[in-house]
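Working notes, structure below.
Only the coordinates and a few stated rules stand behind these numbers; no lab work does. None of the values given here were measured: they were computed from a predicted structure. Cβ atoms come from the backbone with ideal geometry, glycine included; neighbour counts cover every protein chain shown.
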Amino acid sequence: MRAPPAIARSFLLLVSAVLAVGLLEVGLRLTHFGEANQTPLQKLMDYDPLLGWRHRRNTSAEIITNEYRTMVHYNTLGVRGRDRPYRKPQNISRVVVLGDSFVDGYTVPVEDQLTEILEAGLGRRFEVINLGVTGYSTDQELLLLEQEGWKYQPDFVVLAFYYNDVWGNGSRYFSNLSSVQKPLFVPNAEGDLTLTNVPVPRPKVSLRDRLKIYGLIRNVVRGNGWLSSVFSRVRNNTLMNSSLPEPSGAAGGGEEFTVYQQPETEQMRTSWTVTQALLRKMKKEAVDHNTGFVVFYVPTRIELSSEEWSNNHLPPDYHPAEVADTLAELCRSEGVPLIEPSQRFKEAAKQEPVYYRRDPHWNAAGHHLAGHILEQYFRSSWEVARQ
């Protein structure tokens, strides 16, 4: 018995739709649709059971935005810069710099990175190793120092510290993404730290990563104001997350911005306790390795401008100096040297921009300024002679 015409037509339409969607998905995959819009982490990062994520070794990608275009390459050891063996050459002093995307420097050409500027300023008898990884907090930076940093036999370790490190040090998640996890240190009553959430669970794979056609539909919706406003009311945020973390925005820190709140919340109080213990542990390891150690504060762009701070409409109990002041107090109590360059950046910004206008990171001028500030610190506090 033949199926009724209406049922047959419906079946044929369904099969045709499935075939069309399947062919479109194949075509999108063959043309690598959406890969040009992936973030540096998605292109250049691998899952790591201890650190959460880390640089993919011996890989390159071009990063293109409306404000910059850079070619990023990580060498055989997962470091941006020239290949260098772990073993330090004779008559060479080494500086290892830890940090997040500001140190990683994917927003500028490699020759403009602060670590390259610092090395050039110190002279040919010095090597500066860039161990910055986008999205890292102090806890991951400590683990990376233990896993990789000490292998380079550094004479000095620099820890770059950004405001959202505090939030990250108290969370098992990257930023506000529940799909991406990281290691978490938990303090006990004596102030010692216990490492938890390792091995770190693998990131959840989003619908966008499973289906290229979803990314196409998402782009169409985002490009249409009416569709975007309707979809934003009903979307599931979990489906919008990436499988690997993306760089945090400067003024879109969301929950991370509670670090500026006065008085501090209980969650931030715990995060600062962990942060202090991490600094203490890092300093102790530096002493054990007979290595110098200094913290370099990385101010946010909006901290330096009352106009930008006001434009972000943060609550009245949020204060722009809260992070820098609290960090300075902790460093004093732990006997850790601190470089606080906010005033230098304010003065420099009067002459030329040192941050991108939309992107939260330093531009080339900002990297050069940071490199020169570090060089001046080493020349005044460490016996450095230009070679």
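Overview of results
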| item | result |
| --- | --- |
| Förster-model FRET efficiency, 25 Å R0, Arg332 and Gln261, C-beta, rounded to 0.05 | 0.70 |
| Per-residue Cβ neighbour rank within 10 angstrom, fewest leading, Ile92, Ile302, Ile339 | Ile92, Ile339, Ile302 |
| Ranked list, fewest to most other Cβ atoms within 10 Å of each Cβ, for Ser305, Ser380 | Ser380, Ser305 |
| J(HN,Hα) series, segment 155-167, from Karplus relation 6.51 cos²θ - 1.76 cosθ + 1.60, nearest Hz, glycine and proline x | 8, 8, 10, 10, 10, 7, 10, 10, 3, 6, 4, 4, 4 |
| Loop trypsin sites (Lys or Arg not before Pro), segment 272-357, which have at most 11 other Cβ atoms in a 10 Å radius of their Cβ (DSSP) | Lys350, Arg357 |
| Mean Cβ count within 10 Å, highest first, over the residues of peptides 286-296, 360-370 | 360-370, 286-296 |
| Exceeding the 31 Å Cα-Cα cut-off - candidates Lys43/Lys346; Lys182/Lys283; Lys151/Lys182; Lys182/Lys281; Lys88/Lys204; Lys204/Lys283 | Lys43/Lys346; Lys88/Lys204; Lys204/Lys283 |
| Contour minus Cα-Cα distance for Glu340 and Asn312 (0.36 nm per residue) | 7.8 nm |
| Cα shape, segment 293-380, gyration tensor, a/c 1.5 rule | oblate |
| Amide hydrogen neighbours beyond the local backbone of Asp48, cut-off 5 Å, H modeled | Trp53, Arg54 |
| Ranked list, fewest to most other Cβ atoms within 10 Å of each Cβ, for Leu114, Leu50, Leu195, Leu184 | Leu195, Leu50, Leu184, Leu114 |
| Simple label model, 7 Å out from Cα along Cβ direction - Asn91 to Leu50, nm | 3.5 nm |
| Prolate/oblate/rounded label for segment 101-175 (Cα gyration tensor, a/c 1.5) | oblate |
